[in-house]
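These notes concern the structure reproduced below.
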Amino acid sequence: MSRAALVALVWLAATTAPYAQPAPEGPARVYVRRIEFVGVARTEDETLRRELTQLEGAFLNTVELERSRQRLERLPFVANARIALQPVGTTPDVVDVVISIEEAPAHRYGGGGGYSESLRTSLYGYYADDNWLGKGQRVAVQLEGSDLQSRLDVLYTAPYVTPEGTSRTVALSTYDIDRLTVDSSPLRAELASVRLEYGLRLAGRGIDEPLSSEAVPACFGPNPRLSPVAADRCVARLRVGVDARVLDLATSPGSSSQWIDWIAEHGGALTPQGLLKTKIREADWLLGWRVDLRDAGVFASRGAEQTLNLRAAIPGSDAEYVVATYEAARYWPVGGPWTLDLRGNVGIGVAYGATTSLPPYQNFFAGGPNTVRGFREDGLGPRDSLGRPYGGNLLTALQLEVMAAWPSRWRDRVRVGFFYDVGNVFSTEGVRFADEQGQPLDYGFKWSDLRRSFGVAFHVRVPLGLLRISYGEPLNARDSTSVFRRDEVEHWQLSLGVEF
């Protein structure tokens, strides 16, 4: 076989059968002498080279070539990567790999907005550089504001602090909060935090299903035998870090007795206006685990997604507590344009040491698009002394949806279907609640207090993000003349999530 024919045969295998196995032993084996990048203006060579799994001096491997191309194109500052093989002199079994890079703009800035019933309208402004100094590092600034809260985040991420791909993130944040939700009692909270976090890539899993050029299937299954290229997508990510925070808390003239009691128990002092004020200093351990095995980030049709987060205050903090949340989703195609998806959300917070109950600013809320539709957003569960939503330390929610891509010509933008939701939020730590007559109220967990609803849903992708509209019909809403025992029904609900 001639040298030109050999090179053509190898390259044909790389472009038409990217998931084939490495070349067999024998005279057809080809070595890579050098890998060269062309068309690069802003990015350092090392930033691109660390994404390669095909190495110089190794055998030419079509799987690793394709994996390297995909890893390069997943970089936010690379629009396209094209691979070509060049023969080396008259040597028939040695080639150079030339990778042509088309760079994408690394700077992004702009603004947008979002909407939900509990937070009302919010506005965003942001700036991000995904390739700072050409090193692939990320710098971002984001400002968010609404009638209830304002927030500023400054973030720096170095994606490779170790050769294995461990990332390091340093973030500075400030918050200014007047209410936790539009219906909750007022308070004053000013928070400043510094976070240091490391991210690690863990091994992944795959599904016993071949890949196609049209769509990459999900990477989920009990007996994974996925190609190496797809398996590179199917990785779990672990986050570990620490968050140092200072929080100034103060009551307002309309604050509830629960807020007043918690601040008083944690060093509250009277201000000249007769209000209580305290300063909370925390150092929290952070642990997060996430695996995304869906075939698409929005409108997935198969696969699974799981997220586990843990925040634990270090002993000696002014507020000592542990908060854990777990979210999971599973998607199945059920025929034609229909997809069945099941999503669960569980959260629990527990105080320890001298802290008597979970800080109210860490409480969970239920009701609305993300938990139980048909009930007012964040309106379920415990009510404070003013009859307003107070939240709780235990959340459980389950959402079942059957959605269709309809009409078919808008399948990438629209989903319609039906849903069934179950969930509520509870207080299990002994926080004192009472009704209008001062009679104690028990908001502890009971199976009978899980609220249920069903209805129709409409999801559409718009330039700002994902718009979700639903009509829900509660199945077991509690009706009472007492605001403390009555569920607020809200049939039509709308939320708009922002994409950056």
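The values are calculated or read from the model by the stated rules, or taken from the named source; none is laboratory data. It should be emphasised that the depicted structure is a prediction, and the values quoted were computed from it without experimental measurement. Heads up, the Cβs are rebuilt from the backbone with ideal geometry, glycines too, and the neighbour counts pull from every protein chain shown. Accessible surface is based on the protein model in full, side chains and every heavy atom, while ligands, DNA and RNA are left aside. Shrake-Rupley method; radii C 1.70, N 1.55, O 1.52, S 1.80 Å.
Conditions first: (1) farther than 15 Å from Asn131 by Cβ; (2) modelled with pLDDT under 90. Arg74 passes all but one, so which condition is the exception?
Condition not satisfied by Arg74: (1).
So in the stretch 260-275, with the set limited to residues that are free of Cβ contacts under 8 Å to residues at least 60 places away in the same chain and within 25 Å of Asp243 (Cβ to Cβ), which one is surrounded by the most Cβ atoms within 10 Å (Cβ to Cβ)?
Step one: filter the stretch 260-275 for residues free of Cβ contacts under 8 Å to residues at least 60 places away in the same chain, giving 260, 263-264, 267-275.
From what's left, within 25 Å of Asp243 (Cβ to Cβ): 263, 267-268.
Numbers: Ile263: 23, Gly267: 13, Gly268: 18.
Filtering first and then ranking leaves Ile263.
If you check every pair at least six apart or on different chains, which have Cβ atoms under 8 Å apart with a residue in the stretch 94-106 that is in contact (Cβ under 8 Å) with a residue 12 or more places away in the chain and among the charged types (D, E, K, R) first and a residue that is part of a loop (DSSP other than H, G, I, E, B) and open to solvent by 30 Å² or more (accessible area, probe 1.4 Å) second?
Glu102/Gly39; Glu103/Gly39; Glu103/Val40; Glu103/Ala41; Glu103/Arg42
Specify the residue that is farthest from the chain's Cα centre (by Cα); the eligible residues are those in the stretch 79-116 that are more than 30 Å from Leu467 (Cβ to Cβ) and buried (at least 20 other Cβ atoms within 10 Å of the Cβ).
As a first pass, look at the stretch 79-116 and keep what is more than 30 Å from Leu467 (Cβ to Cβ): 80-103.
This time we only want the ones that are buried (at least 20 other Cβ atoms within 10 Å of the Cβ), so: 81, 95, 97, 99, 101.
Working: Ala81: 28, Val95: 42, Val97: 37, Ile99: 33, Ile101: 30 Å.
Per the stated criteria, the residue is Val95.
What's the number of the only condition in (1) at pLDDT below 85; (2) open to solvent by 70 Å² or more (accessible area, probe 1.4 Å); (3) closer than 30 Å to Glu66 by Cβ; (4) in a strand (DSSP E or B) that Pro163 fails to meet?
(4)
Inside the stretch 377-412, can you point out the residues that are part of a loop (DSSP other than H, G, I, E, B), open to solvent by less than 10 Å² (accessible area, probe 1.4 Å) and in contact with a strand residue (DSSP E or B) (Cβ under 9 Å, 6 or more places away or on another chain)?
Selection gives Gly379, Leu380, Pro382, Gly391, Asn393, Ala405.
Kindly evaluate Gly344 against the criterion of being free of Cβ contacts under 8 Å to residues at least 24 places away in the same chain and out of contact with any Cys (no Cβ under 9 Å at 6 or more places or on another chain). Let's see the steps before the verdict.
Details: free of Cβ contacts under 8 Å to residues at least 24 places away in the same chain: no; out of contact with any Cys (no Cβ under 9 Å at 6 or more places or on another chain): yes.
No: the conditions fail for Gly344.
Is there any pair linking a residue in the stretch 297-309 that is under 13 Å from Met403 (Cα atoms) and β-branched (Val, Ile, Thr) to one that is open to solvent by 30 Å² or more (accessible area, probe 1.4 Å) and at pLDDT below 95, with Cβ under 7 Å and at least six apart or on different chains, and which?
Note: pairs meeting the criteria are Val298/Arg461; Val298/Leu466.
Just name the residue that is nearest to Tyr326 (Cα to Cα) out of those in the stretch 338-376 that are open to solvent by less than 50 Å² (accessible area, probe 1.4 Å), among the hydrophobic types (A, V, I, L, M, F, W, C) and assigned to a strand (DSSP E or B).
Our first condition is that a residue be open to solvent by less than 50 Å² (accessible area, probe 1.4 Å); within the stretch 338-376, this holds for 339-341, 344-345, 347, 349, 351, 355, 357-369, 371-376.
Now drop any that are not among the hydrophobic types (A, V, I, L, M, F, W, C), which leaves 340, 351, 358, 364-366, 372, 375.
Subsequent filtering for residues that are assigned to a strand (DSSP E or B) retains 340, 351, 364, 375.
On the way: Leu340: 20, Ala351: 18, Phe364: 13, Phe375: 22 Å.
It comes out as Phe364.
Just to be sure I understand, how many residues within the stretch 302-321 are within 18 Å of Ser193 (Cβ to Cβ), open to solvent by 30 Å² or more (accessible area, probe 1.4 Å) and assigned to a strand (DSSP E or B)? Lay out the reasoning, then the answer.
Of all residues in the stretch 302-321, those within 18 Å of Ser193 (Cβ to Cβ) come to 309-314, 316-321.
Okay, now just the ones that are also open to solvent by 30 Å² or more (accessible area, probe 1.4 Å), so 309-311, 314, 316, 318.
Narrowing the set further to residues that are assigned to a strand (DSSP E or B) leaves 309-311.
The number of residues fulfilling the criteria is 3.
Mind checking which residues of the stretch 413-437 are basic (Lys, Arg), surrounded by fewer than 18 Cβ atoms within 10 Å (Cβ to Cβ) and touching a Phe, Trp or Tyr at 6+ places or on another chain (Cβ under 9 Å)? Give the derivation first.
If we filter the stretch 413-437 for residues that are basic (Lys, Arg), which is where we start, we get 413, 415, 432.
Narrowing the set further to residues that are surrounded by fewer than 18 Cβ atoms within 10 Å (Cβ to Cβ) leaves 413, 432.
Result: Arg413, single match.
Counting just the residues of the stretch 403-441 that are in contact (Cβ under 8 Å) with a residue 60 or more places away in the chain and β-branched (Val, Ile, Thr), which one comes out farthest from Val456 (Cα to Cα)?
To start, the set of residues in the stretch 403-441 that are in contact (Cβ under 8 Å) with a residue 60 or more places away in the chain comprises 403-406, 408, 411-412, 415, 417, 423, 425, 429-433.
Then drop every residue that is not β-branched (Val, Ile, Thr), which leaves 425, 431.
Working: Val425: 23, Val431: 37 Å.
Among those that are in contact (Cβ under 8 Å) with a residue 60 or more places away in the chain and β-branched (Val, Ile, Thr), it is Val431.
Among the residues of the stretch 62-82, is any part of a loop (DSSP other than H, G, I, E, B), of a type in the set (S, T, N, Q), more than 19 Å from Glu164 (Cβ to Cβ) and touching a residue at least 24 places away in the same chain (Cβ under 8 Å)? If you could, list the steps in order and put the result at the bottom.
Filtering the stretch 62-82 for residues part of a loop (DSSP other than H, G, I, E, B) gives 74-77.
Then drop every residue that is not of a type in the set (S, T, N, Q), which leaves none.
Scanning the stretch 62-82 turns up no residue that is part of a loop (DSSP other than H, G, I, E, B), of a type in the set (S, T, N, Q), more than 19 Å from Glu164 (Cβ to Cβ) and touching a residue at least 24 places away in the same chain (Cβ under 8 Å).
Of all residues being open to solvent by less than 30 Å² (accessible area, probe 1.4 Å) and in a strand (DSSP E or B) in the stretch 284-300, which is farthest from Val246 (Cα to Cα)? Just the residue, please.
Restricting to residues being open to solvent by less than 30 Å² (accessible area, probe 1.4 Å) and in a strand (DSSP E or B), the top hit is Val291.
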